[in-house]
Amino acid sequence: MNDVAINAALVVGASGGIGSAVVDQLIKSQRYTHVVSVSHKSFVDSGSSEFDKFSNLMALETDYSAESINTLMANLSSFKGCISRIVICNGILHDDQKDIFPEKKLEDISESKMMHVLRVNALLPLLFLKELVALVKGEKSCVISVLSARVGSIEDNRLGGWYSYRASKAALNMLVKTAAVEYERRAKNVRLLLFHPGTVDTNLSKPFQSKSSTKLMQPSEVAMSLIKLMDRSDTGSNIEFIDWEGKKINW
Ligand SMILES: NC(=O)c1ccc[n+]([C@@H]2O[C@H](COP(=O)([O-])OP(=O)(O)OC[C@H]3O[C@@H](n4cnc5c(N)ncnc54)[C@H](OP(=O)(O)O)[C@@H]3O)[C@@H](O)[C@H]2O)c1
């Protein structure tokens, strides 16, 4: 499929609140010959019927194990050099069983739960960046956005708490910034974006929305602003940590 006419977009973690809104907006933009969604569960079955009408939506499933990511990449190899937008949305703050919940104090810390949050929020996006470098390297300009969070800013940490989530997003920022140095050398056509979406009305923020002092955003608004920010070409760097308004966040 190494054809200049192909212009594909890829969304990883596509069944979540923000991920599915990003897929929706990418499809609506009509700029992409293919929109590829990657998620735990079948995205098409759980998505709106609008997605079914878009024949070039390719919905891939994964359990995010190393083996499954390898199979996924093999399936995506036909898109080599043809992907211009990638959004990685994976992230957890709590789980439905209330087993994982943001820690309020040191005594709340559990090693196994923290390791799980670190894997999903920091390591998984890095594993994708590792696999994607060969797929996106080339002539076609490509922007890869990874959903981060302002609480991952070390300088901005005044409130404390949320040890696992905070640390995982700070680690994510460092890992993506480090990968950006290597991408600069190996894939100059790629720009990386660490994106704080604001407080968005999704399952992830539900238990905390009433306590948030910031405006509650709708996933569609955030997806639109992310897609616009990915189009900017005047950034002067191949890596940025920004919010949904395009404002820089301190590392
Ligand atoms: N909502 C907010 O207010 C807010 C604020 C700041 C930052 N963020 C960040 O935005 C991103 C998207 O969050 P959201 O609000 O859309 O939350 P959401 O609706 O709960 O979506 C969660 C996302 O995480 C993935 N995920 C969940 N458990 C996973 C696991 N065990 N292994 C791998 N992936 C897993 C899901 O992937 P599948 O599609 O494969 O299920 C989905 O993409 C996250 O990185 C979050 O930290 C959100």
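Take the residues of region 142-165 that are of a type outside the set (A, V, I, L, M, F, W, C) and surrounded by 22 or more Cβ atoms within 10 Å (Cβ to Cβ): which is nearest to LEU106 (Cα to Cα)? First the steps, then the outcome.
First pass over region 142-165, keeping only residues of a type outside the set (A, V, I, L, M, F, W, C): 145, 148, 150, 152-153, 155-158, 160-161, 163-165.
Retained after the next criterion (residues that are surrounded by 22 or more Cβ atoms within 10 Å (Cβ to Cβ)): 145, 148, 152, 164-165.
On the way: SER145: 32, SER148: 23, GLY152: 18, SER164: 11, TYR165: 14 Å.
The qualifying residue nearest to LEU106 (Cα to Cα) is SER164.
Considering only region 89-128, state which residues are among the β-branched types (Val, Ile, Thr) and either at pLDDT below 95 or within 14 Å of the ligand (Cβ to nearest atom) (or both). If you could, list the steps in order and put the result at the bottom.
Residues of region 89-128 that are among the β-branched types (Val, Ile, Thr), as a first pass: 92, 100, 109, 117, 120.
Listed by number, the residues that qualify are ILE92, ILE100, VAL117, VAL120.
Residues being more than 18 Å from MET217 (Cα to Cα) and crowded, with 21+ Cβ neighbours inside 10 Å: count how many of those fall in region 16-31. Before you say what the answer is, go through the steps one by one.
As a first pass, look at region 16-31 and keep what is more than 18 Å from MET217 (Cα to Cα): 26-31.
Okay, now just the ones that are also crowded, with 21+ Cβ neighbours inside 10 Å, so 26.
Residues meeting the conditions: 1.
Just the residues that are away from the ligand (no atom under 13 Å from the Cβ) and buried (at least 18 other Cβ atoms within 10 Å of the Cβ), please, taken from region 66-80.
LEU76, PHE79 - these are the residues of region 66-80 that are away from the ligand (no atom under 13 Å from the Cβ) and buried (at least 18 other Cβ atoms within 10 Å of the Cβ).
So, in region 178-197, how many residues would count as being more than 16 Å from GLN25 (Cβ to Cβ) and either surrounded by 15 or more Cβ atoms within 10 Å (Cβ to Cβ) or within 9 Å of the ligand (Cβ to nearest atom) (or both)?
To start, the set of residues in region 178-197 that are more than 16 Å from GLN25 (Cβ to Cβ) comprises 178-192, 194, 196.
Filter once more, keeping what is either surrounded by 15 or more Cβ atoms within 10 Å (Cβ to Cβ) or within 9 Å of the ligand (Cβ to nearest atom) (or both): 179-180, 183-184, 187, 189-192, 194, 196.
Total satisfying the criteria: 11.
I'd like the full set of residues that are outside any helix (DSSP H, G or I), touching a residue at least 40 places away in the same chain (Cβ under 8 Å), out of contact with any helix residue (DSSP H, G or I) (no Cβ under 6 Å at 6 or more places or on another chain) and not polar (S, T, N, Q), limited to region 214-240.
Within region 214-240, GLU240 is the sole residue that qualifies.
Residue check: is ILE86 under 23 Å from SER65 (Cα atoms), buried (at least 19 other Cβ atoms within 10 Å of the Cβ), away from the ligand (no atom under 12 Å from the Cβ) and not charged (D, E, K, R)? Walk me through it before giving the result.
Details: under 23 Å from SER65 (Cα atoms): yes; buried (at least 19 other Cβ atoms within 10 Å of the Cβ): yes; away from the ligand (no atom under 12 Å from the Cβ): yes; not charged (D, E, K, R): yes.
Taking the combined requirement at face value, the residue satisfies it.
Answer yes or no as to whether SER141 is polar (S, T, N, Q) and within 13 Å of the ligand (Cβ to nearest atom). If you could, list the steps in order and put the result at the bottom.
On the way: polar (S, T, N, Q): yes; within 13 Å of the ligand (Cβ to nearest atom): no.
Considered against the rule, which asks whether it is polar (S, T, N, Q) and within 13 Å of the ligand (Cβ to nearest atom), SER141 comes out as no.
The values are calculated or read from the model by the stated rules, or taken from the named source; none is laboratory data. Keep in mind the model is a prediction, meaning the values are calculated, not measured. Here the Cβ is made from the backbone with ideal geometry for all residues, glycine too, and neighbour counts use every protein chain on show.
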